[in-house]
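The values are calculated or read from the model by the stated rules, or taken from the named source; none is laboratory data. Keep in mind that this is a model prediction, so the values were computed, not measured. As a convention, Cβ positions derive from the backbone with ideal geometry for all residues, glycine included, and neighbour counts pool all protein chains shown. For the accessible areas, the whole protein counts, side chains as well, though only heavy atoms, and no ligand, DNA or RNA atoms are used. Shrake-Rupley method; radii C 1.70, N 1.55, O 1.52, S 1.80 Å.
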Amino acid sequence: MTAVRTLLTAAVLAGSLAACGDEAAPSAPEWEEPAAYTYTLTSTEGERALIGTFRITVRDGEVAKAVGLDDSARRVVRQLPDQVPTLGALLDQLEQARGEDADTAEAEYAADGHPTRIFLNWEENAVDDEARYAISDYEPAAG
């Protein structure tokens, strides 16, 4: 009886461990990007232009206004305003990373479904290909 119990326990444990490696990325809650909203984006990590903290206003699905809240972000807004993304563009980047089998493509979501954190790392051993986004102060426009 003890041998059967030991084998059964080992089989359950092996099945549980095997399942861990096969887990799909958690799906996002249902959320539809509104046409108008504001949010604060803190973009860090990696060697890329979009670094800094920004206050972003979206109207008609496009970035209508971006304010750099630190020196790096002010430089981006001044020199590369097209680099400042909507939440939809950030989610597109997440899906692209997942589709390209990036080593890490993770997100956390608020109760209403909008993203609050996104972390991307295309190659685990590559240097400076990461992107980390923290989304805060999200407010859909009154409508």
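Of all residues in region 49-81, exactly one satisfies the criterion of being surrounded by 13 or more Cβ atoms within 10 Å (Cβ to Cβ), under 20 Å from the mean Cα position of the chain (by Cα) and of a type in the set (D, E, K, R), namely Arg55.
In region 129-138, how many are surrounded by 11 or more Cβ atoms within 10 Å (Cβ to Cβ) and more than 12 Å from the chain's Cα centre (by Cα)? Step through it out loud before you land on a result.
Filtering region 129-138 for residues surrounded by 11 or more Cβ atoms within 10 Å (Cβ to Cβ) gives 129-136, 138.
Pick out the ones that are also more than 12 Å from the chain's Cα centre (by Cα) and you get 129, 136, 138.
Summing the residues that are surrounded by 11 or more Cβ atoms within 10 Å (Cβ to Cβ) and more than 12 Å from the chain's Cα centre (by Cα) in region 129-138 gives 3.
Considering only region 87-124, state which residues are of a type in the set (Ser, Thr, Tyr) and in contact with a Leu (Cβ under 7 Å, 6 or more places away or on another chain). Residue satisfying the conditions is Thr104 alone. Scanning region 103-143 for residues that are small (Gly, Ala, Ser) and either out of contact with any Pro (no Cβ under 6 Å at 6 or more places or on another chain) or more than 24 Å from Asp60 (Cβ to Cβ) (or both) gives Ala105, Ala107, Ala110, Ala111, Ala126, Ala131, Ala134, Ser136, Ala141, Ala142, Gly143. Across region 82-104, the qualifying residues are those that are aliphatic (A, V, I, L, M) and open to solvent by 30 Å² or more (accessible area, probe 1.4 Å), and the one among them that is nearest to Phe54 (Cα to Cα) is Ala89. Scanning region 121-128 for residues that are farther than 15 Å from Thr38 by Cβ and surrounded by 13 or more Cβ atoms within 10 Å (Cβ to Cβ) turns up at least one hit. Looking at Ala107, Ala111, just one residue is touching a residue at least 40 places away in the same chain (Cβ under 8 Å), of a type in the set (A, V, I, L, M, F, W, C) and surrounded by fewer than 18 Cβ atoms within 10 Å (Cβ to Cβ), and that residue is Ala111. Is it the case that region 97-113 has a residue that's over 14 Å from Thr38 (Cβ atoms) and touching a helix residue (DSSP H, G or I) at 6+ places or on another chain (Cβ under 6 Å)? Within region 97-113, one or more residues are over 14 Å from Thr38 (Cβ atoms) and touching a helix residue (DSSP H, G or I) at 6+ places or on another chain (Cβ under 6 Å).
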